[in-house]
Amino acid sequence: DIQTALPIVDEVFTRINEVPNARFVAAMGDITERGELDEYDLFDRQLTVLQIPYYTTLGNHELWGGAQRFYDHYGRASFHFTFKGTAFTFADSGDAGIDPIVEEWLDGWLDEAKDQPHVFLTHIPPIEKLARGRVDLTLYGHIHTLVEFENAGIPAFVSGGGGAEPMKGDGIDRHFLVIDNDGPLQTVEVVRVD
């Protein structure tokens, strides 16, 4: 959830660059405040600071300017890939729901990844499907805070620490998560950006 912190998100990207062996960034949307074209242009300029790939779905704030603007800049907002034996599923839930077409894709992606570690990323979560699909970790945005919890027995983090206001009083403020995925999912570290 970068939103209004878009002019200074390069500071977060600089800190991410300092993480040894980081391979890519996974985000859960709200990269803009209102989905305006100039916001996307600024985000693209800020991304030039980041030295590794950045994957994201869209959030509800991208919908202010229409989802097509996001698609025109970055392509699909729902996609799935495997990296080093771990499945990653990004699902567009920016409008607080998941499109029926994406629901069908999700069924296939969950089935495909049932025997491997699986990380599911979305802006607003569909819990029941995740438990049936045996997802190993869920990551969410939307709420401008850091919260660690379990949902349906699945470890979960809300990490909306891109700098959007108001931060929700977690004492962490701007932050990102570093996930060590060497073999089965082992550690999640919170890194503050002061």
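Quick notes on this one:
- Residue within the range 116-125 that is hydrophobic (A, V, I, L, M, F, W, C), without any contact (Cβ under 8 Å) to a residue 60 or more places away in the chain and either open to solvent by 10 Å² or more (accessible area, probe 1.4 Å) or more than 30 Å from R34 (Cα to Cα) (or both) present: no
- Of the strands (runs of 3 or more DSSP E) lying entirely inside the range 143-188, those carrying at least 1 residues that are closer than 22 Å to F24 by Cβ, among the polar types (S, T, N, Q) and modelled with pLDDT of 85 or more are 154-159.
- Filter pass, D194 being within 18 Å of A87 (Cβ to Cβ) and either part of a loop (DSSP other than H, G, I, E, B) or at pLDDT below 85 (or both): no
- From the options L42, L6, L37, L58, residue that is closer than 20 Å to I143 by Cα, at pLDDT 95 or above and touching a helix residue (DSSP H, G or I) at 6+ places or on another chain (Cβ under 9 Å): L6
- Subset of the range 65-87 (residues that are touching a Ser or Thr at 6+ places or on another chain (Cβ under 8 Å) and either open to solvent by less than 20 Å² (accessible area, probe 1.4 Å) or part of a helix (DSSP H, G or I) (or both)): G65, Y74, A77, S78
- Only one entry in F88, F70 is under 24 Å from L130 (Cα atoms) and not aliphatic (A, V, I, L, M), namely F88.
- Residue in the range 85-97 that is within 14 Å of A164 (Cβ to Cβ) and β-branched (V, I, T) present: no
- The residue list L42, L50 contains one member that is surrounded by 13 or more Cβ atoms within 10 Å (Cβ to Cβ) and either closer than 16 Å to L177 by Cβ or in contact with a Ser or Thr (Cβ under 6 Å, 6 or more places away or on another chain) (or both), which is L50.
The values are calculated or read from the model by the stated rules, or taken from the named source; none is laboratory data. Since this is a predicted model, take the numbers as computed values, not measurements. Reconstructed Cβ throughout: ideal geometry from the backbone, glycine too, with neighbour counts over all protein chains shown. Just so you know, the surface numbers come from the protein's heavy atoms only, side chains and all, with ligands and any DNA or RNA stripped out. Shrake-Rupley method; radii C 1.70, N 1.55, O 1.52, S 1.80 Å.
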